[in-house]
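Each remark here refers to the structure printed beneath this line.
The values are calculated or read from the model by the stated rules, or taken from the named source; none is laboratory data. All values reported here derive from a predicted model rather than from experimental measurement. Neighbour counts run over all protein chains shown; Cβ positions are idealised from the backbone, glycine included.
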Amino acid sequence: MTPEQRLDRLERIAKLLANAGMRARRELRRDFWNHDHKINYLADLQIENEARFAKLAESQVHLDESHARLAESQAHLDESHAKLAESQANTNQRLDALIDILKNGNGGSSVNN
């Protein structure tokens, strides 16, 4: 092999190495861009999730407040129901007493005349 052929061969090898290096550098840049893009995307998703969690926590507070009001209303309803039952029992006693009076004739003297 002549020195000129050796030089041509070395030039071809140098070009192949240079092209391979440029290709590797280009792929590395693309990979870095892809990783940066993915990291930014994940960061954006994390920010959105944090906002959602904050909104969820706020909703939970409102739900707890509503639950407390509902429990209070239920207590008032139970109290009203007890008073109504007591009143109905008193009404039934008074109605029974009136029916007894009418059956025994104590109040029927004006009706018979």
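Condition test on Asp44, is it within 60 Å of the chain's Cα centre (by Cα) and surrounded by 10 or more Cβ atoms within 10 Å (Cβ to Cβ)? Considered against the rule, which asks whether it is within 60 Å of the chain's Cα centre (by Cα) and surrounded by 10 or more Cβ atoms within 10 Å (Cβ to Cβ), Asp44 comes out as yes. The set of residues in segment 98-113 that are surrounded by fewer than 10 Cβ atoms within 10 Å (Cβ to Cβ) and either small (Gly, Ala, Ser) or at pLDDT 95 or above (or both) comprises Ser109, Ser110.
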